[in-house]
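Since the structure comes first, as structure tokens, the remarks are kept for the end.
The values are calculated or read from the model by the stated rules, or taken from the named source; none is laboratory data. As the structure is a computational prediction, the values presented were derived from the model and not from experiment. Here the Cβ positions follow ideal geometry from the backbone for every residue, glycine too, while neighbour counts run over all protein chains shown. All accessible areas refer to the heavy atoms of the entire protein, side chains included, with ligands and DNA or RNA removed. Shrake-Rupley method; radii C 1.70, N 1.55, O 1.52, S 1.80 Å.
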Amino acid sequence: MSSEKAKLAEEEMKAYRVQGFTCTNCAAIFENNVKELPGVQDAKVNFGASKVYVKGTTTIEELEKAGAFENLKIRDEKEQRVEREPFWKQKENIKVYISALLLVVSWFLGEQYGEEHVLPTIGYAASILIGGYSLFIKGLKNLSRLNFDMNTLMTIAIIGAAIIGEWGEGATVVILFAISEALERYSMDKARQSIESLMDIAPKEALIRRGNEEMMIHVDDIQVGDIMIVKPGQKLAMDGVVVKGTSTLNQAAITGESVPVMKTTDDEVFAGTLNEEGLLEVKVTKRVEDTTLSKIIHLVEEAQAERAPSQAFVDKFAKYYTPAIVILALLIAVVPPLFGGDWSQWIYQGLAVLVVGCPCALVVSTPVAVVTAIGNAAKNGVLIKGGIHLEEAGHLKAIAFDKTGTLTKGIPAVTDIVTYGGNENELMTITAAIEKGSQHPLASAIMRKAEENGSDFNDVMIEDFQSITGKGVKAKVNNEMYYVGSPALFEELHGSIESDRKQKITEMQTQGKTVMVLGTKKEILSLIAVADEIRETSKEVIGKLNNIGIETVMLTGDNQRTASAIGKQIGVSDIKADLLPEDKLNFIKELREKHQSVGMVGDGVNDAPALAASTVGVAMGGAGTDTALETADIALMSDDLSRLPYTIKLSRKALTIIKQNITFSLAIKLVALLLVMPGWLTLWIAIFADMGATLLVTLNSLRLLKVKE
């Protein structure tokens, strides 16, 4: 969804947080119930983020009525998160305790008076009603609409068990199903906690100075332009720019970088980051709903609503699978008795097949894994914008990197200074003084180097400054005419360059450096080599990716010689140089034909077309640029590549877990169904197969919370 569409949708639709969802099916029922409320024009439920978007007018009471079948609790999106009661105290679980107690008492009574006695039967019936009344209401409603979901299957099975006199087993199935649902609710909440914890990162109020007055103000009431005062040890409540003070900020919550970053006047700072040592005054630049942290939370929640390809497959499969199970159960219950089998035995087998057939584990196999993985990534400074991108990242065979600003820092720096006669500092001062008037991008590198050396080049008198198009500049310093420019300029001036100097220039150029020369009409005084510095992490990251079998390609507009030098240093598998932006785009298309799954990593601004053309576009420095957050499928919040191998590792792990979940939930059902042949399938085995599969699938998905770098 584009940002404009998203904004329009949100203006029209009001968001509420929902507590108590257990399964995607319940979410769909709730969505339909809300759509039917008077005054509601449309509603959309985001199961992963536990939210409902409502277009039209309604109240929280009305919404809670629509969710009464599942005991859902609704609150306004902006409202503070209420602490949930401990799991064992929750109202939904109390009926399970009563039901279980009645079951145990009835079992003792059955041992005492015999199973056929009226007392144990009444006890079992009470246990079934207390533990299963909400299940029956849902099941019977669905049955009347011929909508076969797990509630319908369980309702038929339990009522059927009671009819054929299996009261004890019916009651046991009710309790085990209720336990299974409670545990599912618990694990789903656990999976969502990573997002909930993101919401709690930034404080809800801040100390603001307006005029001469300082006051604590709630973030909703803070205006752009307010001055926020942040003391050491406090977290920032809003995004802004430092206007006074210097301090180190721990930005791990936003960028995933654990090393604190130094911030001083004019530096950008983000809500949710921790001020470690100095007092800062920050001018607020965004309203609370526009802060980088709010954007991350919003994008992660949107991402969780996106269906992963395997989830789409599972939903489609479940649509045909459930009615097929009902037909199979019916055939098992009816066909053998027609050929002389025992009616009650085969009806019992048919009911057990219905219980086994519950698609709970299958339906939950993908969403829990996706929600968990996306939440874990967000906590580690990686924004994955949907289940589809999570799965695609796990399939990647090749990754193309933009060179400037991605593998390198994007800022040229002086790497070598070679002098021929004269003092190095003096010559640097003259060069910097002349370059001060130049517009050339490399001029800033020379001036920075002179400043580092403590040179006062601003005080040097420059006369007759003149630019020599495409070759360099000349100017008079202390009545002597100096030239600063490319080696080609000096070849023109001197006719040729002395062999030792020529050799030095070629040597530095072979290393991928740009060489600038300072000299007069008669002689060369110094050589200055400038290069775009490689990021400290690039070599290590490329090494890790090559080790896990991913082809790494560097794309650059630089000439082949510079590109080869940098590419060799970093260790990429392939180098493509002299590329224009459209060439990058065409190369990505070629790579896709060869590998199908291709990632592109860039800074999200000039690489937007190539990012869009790749299977997975990864943008760096998402915390600083909105473009990166909008155009990329995955955004690394820090301006650092080291999060990339972690993202690939997490995606591959998620793919493995999803495959394991789907395979396991289908295999366990198949095994249970095979037990029908010899007539060994009981309601006990059936419910354990269903409940066990659901629990194992959920717990398996929660392993994604533990994926670290």
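Annotation for the stretch 280-341 versus the stretch 347-381: alpha-carbon center distance of 9 Å. Across the accessible surface of the chain, with the other protein chains kept in place and a 1.4 Å probe, carbon and sulfur atoms take up 56 percent. Distances between placed amide hydrogens fall under 5 Å for Asp416 paired with Ala529, all partners being 5 or more residues away or on another chain. Taking the alpha-carbon centroid of each part, what is the distance from the stretch 494-535 to the stretch 661-705 in angstrom? The two parts, judged by their Cα centres, are 72 Å apart. Dipole magnitude for the chain: computed about the Cα centre from +1 point charges on Lys and Arg Cβ and -1 point charges on Asp and Glu Cβ, it is near 1420 debye.
With a ≥ b ≥ c the root eigenvalues of the C-alpha gyration tensor of the stretch 147-192, is it rounded (a/c under 1.5), prolate (a/b larger than b/c) or oblate? Verdict is oblate for the stretch 147-192. With respect to the chain, whose longest principal axis is taken over its alpha-carbon atoms, helix 309-338 is tilted by about 20°. Farthest toward the positive end of the dipole of the chain, out of Ser455, Ala610, Gly233, is the Cα of Ala610, where the dipole comes from beta carbon charges about the Cα centre. Beta bridges assigned by DSSP with both partners in the chain are antiparallel in approximately 80 percent of cases.
If you take the square roots of the eigenvalues of the alpha-carbon gyration tensor of the stretch 274-317 and sort them as a ≥ b ≥ c, do you get rounded (a/c under 1.5), prolate (a/b over b/c) or oblate? Note, shape of the stretch 274-317 comes out prolate.
Taking amide hydrogens as placed 1.01 Å from N in the peptide plane, the amide H of Lys51 sits under 5 Å from those of Val18, Asn46, each at least 5 positions away in sequence or on another chain. For the stretch 472-596, the square roots a ≥ b ≥ c of the C-alpha gyration tensor eigenvalues yield an a/c of 1.5 or more together with a/b exceeding b/c, which makes the shape prolate. Annotation: amide H-H contacts under 5 Å for Leu579 (H modelled 1.01 Å from N, sequence separation of 5 or more, or interchain): Thr556, Gly557, Asp558. Spherically averaged projected area of the convex hull of Cα atoms, the stretch 575-709: 11.7 nm². Relative contact order, whole percent, for the chain stands at 13, derived from Cα pairs under 8 Å and 6 or more residues apart. Remark: the chain carries 45 Å² of accessible area per residue (probe radius 1.4 Å; ligands, DNA and RNA excluded).
The Cα atoms of the stretch 117-197 cover 53, 30, 14 Å along the three principal axes, with the biggest extent listed first. In summary, the lysines within cross-link reach of Lys55, defined as a Cα separation below 16 angstrom excluding same-chain residues under 8 places away, comprise Lys5, Lys7, Lys14, Lys35, Lys44. Per-residue Karplus couplings for the stretch 351-364, computed as 6.51 cos²θ - 1.76 cosθ + 1.60 with θ equal to phi - 60°, are listed in order as 5, 5, 4, 4, 5, 4, x, 3, x, 3, 4, 5, 5, 8 Hz, Gly and Pro entered as x. I'd like the orientation of helix 150-163 relative to the chain: the angle between its Cα long axis and the longest Cα principal axis, in ° from 0 to 90, rounded to 10. So the helix axis and the longest Cα principal axis differ by about 20 degrees. Gap in Å between the Cα centre of the stretch 395-458 and the Cα centre of the stretch 117-168? So the two Cα centres are separated by 78 Å. Approximating the spin labels as points 7 Å out from Cα along Cα→Cβ, the Val243-to-Leu705 distance works out to 4.2 nm.
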